[in-house]
Structures are given as C-alpha cells and as structure tokens.
1. Of all residues in region 207-262, which are closer than 17 Å to Y195 by Cα, basic (K, R) and either open to solvent by less than 40 Å² (accessible area, probe 1.4 Å) or touching a residue at least 60 places away in the same chain (Cβ under 8 Å) (or both)?
2. So which residues in region 126-141 are in a helix (DSSP H, G or I) and open to solvent by less than 40 Å² (accessible area, probe 1.4 Å)?
3. Show me the helices (runs of 4 or more DSSP H) found entirely inside region 150-228 where at least 3 residues are closer than 23 Å to M105 by Cα.
4. Report whether or not R145 is of a type in the set (K, R) and surrounded by 20 or more Cβ atoms within 10 Å (Cβ to Cβ).
Amino acid sequence: MGTRRGNETTLMTTTIYLSEDANGLIIDHRSILNLIVDILEDVQQCSRRAEEEYFRKLQIVRNQCDRKSFPKILFRAMIIPFRDKDQSPYSKRLIAFFLDCALNMDHKLPLSEPIDKDEAYPEPFSLSILRCCVKHHPDEDSSVRSNITQLSAKIMDCLIPVDYLKLQDDKKLLIKVKEMFLHRIRDKIAQIRAYAALGLKMLQLEEDKSICEVTRVLTNSLRYDLNPEVRRAALKSLEVNYRTREYIVNAVGDVSEVVRLAAHSNAIKKLHIDSINVDLVEQFVQMGLTDASSMCQFLHWSIFWQFAII
C-alpha cells in the first residue's frame, strides 16, 4: 500500500505531494495520519525482514512534515492496537514495531544524505513519545493503560545515554514521567502496577538524610502488594544500598517462589555479603537453607560460594 493516486503520494519513491506550507512541510494532519495508518497496516502483514523498509518510510514521512506534530499523530494511530484487550499477534507486533520507532527514529537515517545538523529536532523522538504517554496514561481503558505503562517502562530502560541526559535536563518532563509511574503503581490492575514498578527503576535518587520517594514506593510494593509479579518487579527495580538491603534479604523469605528467586538473583548480582550485619546474615542463611524450592537453594549456595563464607 505504498502508492495513493488520489493525493499523489508515493512512498516507494520517497516523494510526497500533499498540502504544504511555505517551508515545504506537510500541514494536512489527516493526510499524515492516513499515511501512517497505511504503513502500520502493511507492517502487520509483512515479513520481519521487510519491517526495516517500513521503518524507513515512517522516517521519510517524519522528515517531510511538522516534526513536533509527527509523534502525536503516530501515537494517535497506535490507539487501536493499544485498545486490543486480547492482544492479538498483530497488535503485539505493531506495539513492538512502535517501540523500535520510539527508540531508534533519531538514530537510523532513511536516506543516504545526512540530515542537516543545523536543523535539529525539537527534542529526541523517544522523549516526544514519553510526552504522549504522560498525556494518555490515565485512560479509562485498562488495555490502553497497560500498553502505555509497559511502553514507557521499556523506553526508560532502553534510553541511550544522550537521550537520558536530555531527560534529566528537562525537569518538567522528568517530574511528569515520575508522577505517571507513581500514579500507575497504585492501579487496580496488577500487571500495570508491575510495569510501573519497572519504570521507576531509573528514577531513584540518592538522598543523604532520607530515603527517596521512588525507593519508598518500591519498598512498600515489595512488602505489601498482594501480587507476586508486582513484588518481583519492585525487587528488580530497587537500587541496592544500605537503606534497601534489609528489604532484599527479607524478600528471600517471601511466600512466592518467583519473588524468592528474584531476591536471590538480586543478591548475587548486587549485594555484598560484608555489607549485611550479623543478624541479617543469620536470617538470610536460615531462610535460604530451609527453602522448599531446589532452585532457590541452588542460588542460595551460589551466593555463599561467591563470597567464600562456607
């Protein structure tokens, strides 16, 4: 579906003739939306190899239209797959393709000629998509909330260093992103709370006098949330330091095996046994050695072997 004769649009030859302003940019948002929808429909049917070509087509559309409007229009085109409660393979594929676009739109050039460096984008495309997520995350549809929260968490986890630094510099957006995840971690849907917990991982701050708000929320989710997947997500996101190590050790005795496995894995990767006081070490030993799960016991002994305390 690369060619439209009605409005003389030819994506295959990278030429677009639509309503343009004095600068040659497309100003007809409905036409842009139609182009994007056509591309996304083709993505659902194409082979995995062909996805790169449709990614390039989206970049061509972006380069020839208002770059501030393009992320909003692309996000609008994704609302239908976001609302798919059954999460069909087609919807999952589109959402994965959209995530790839969000993370790589600025870093894969569609043409052999480089974009003029003096003509900078208003902001990284990934941050523009985060702005859209911040705006639409309170949707009444739980499927939309779930997909937007998951998308936001993955963007936060995969931001390249340059984009992450720009997010840190944009204090207003940073605060809104943090508020979005803090709001969603109280969602009535457990899966959404788990995604929000993962999204908070990069938003923890070191404070001298007291535990930061994000860390406090994650430790509360680890201690009190009734859903084990939420507790596991909170545990995976927690930064290990002298304020949180007690919570990690206590999670070794969680009623859910998935949480206990995550606690042992977290301890192996981040927790130094010398940083735990004697009482916590004794508690850690007793809970690990009496665990009914063979895998938990295996990880437990791996920790002892790693720190050479046996």
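The values are calculated or read from the model by the stated rules, or taken from the named source; none is laboratory data. Since the structure is predicted, the reported quantities are computational estimates derived from the model, not experimental observations. Glycine also receives a Cβ, built like all others from the backbone with ideal geometry; neighbour counts cover every protein chain displayed. Note: accessible area is taken over every heavy atom of the protein model, side chains too, but ligands, DNA and RNA are not part of it. Shrake-Rupley method; radii C 1.70, N 1.55, O 1.52, S 1.80 Å.
1. Within region 207-262, R231 is the sole residue that qualifies.
2. S126, L127, S128, I129, L130, C132, C133, V134
3. Correct list: 161-169, 171-184.
4. When the stated conditions are applied, R145 passes them.
A quick yes/no check of all residues on (1) hydroxyl-bearing (S, T, Y); (2) closer than 19 Å to E123 by Cα; (3) touching a Phe, Trp or Tyr at 6+ places or on another chain (Cβ under 8 Å):
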{"site": "V144", "(1), (2), (3)": "no, no, yes"}
{"site": "M156", "(1), (2), (3)": "no, yes, no"}
{"site": "Y164", "(1), (2), (3)": "yes, yes, no"}
{"site": "I185", "(1), (2), (3)": "no, no, no"}
{"site": "I192", "(1), (2), (3)": "no, no, no"}
{"site": "Y195", "(1), (2), (3)": "yes, no, no"}
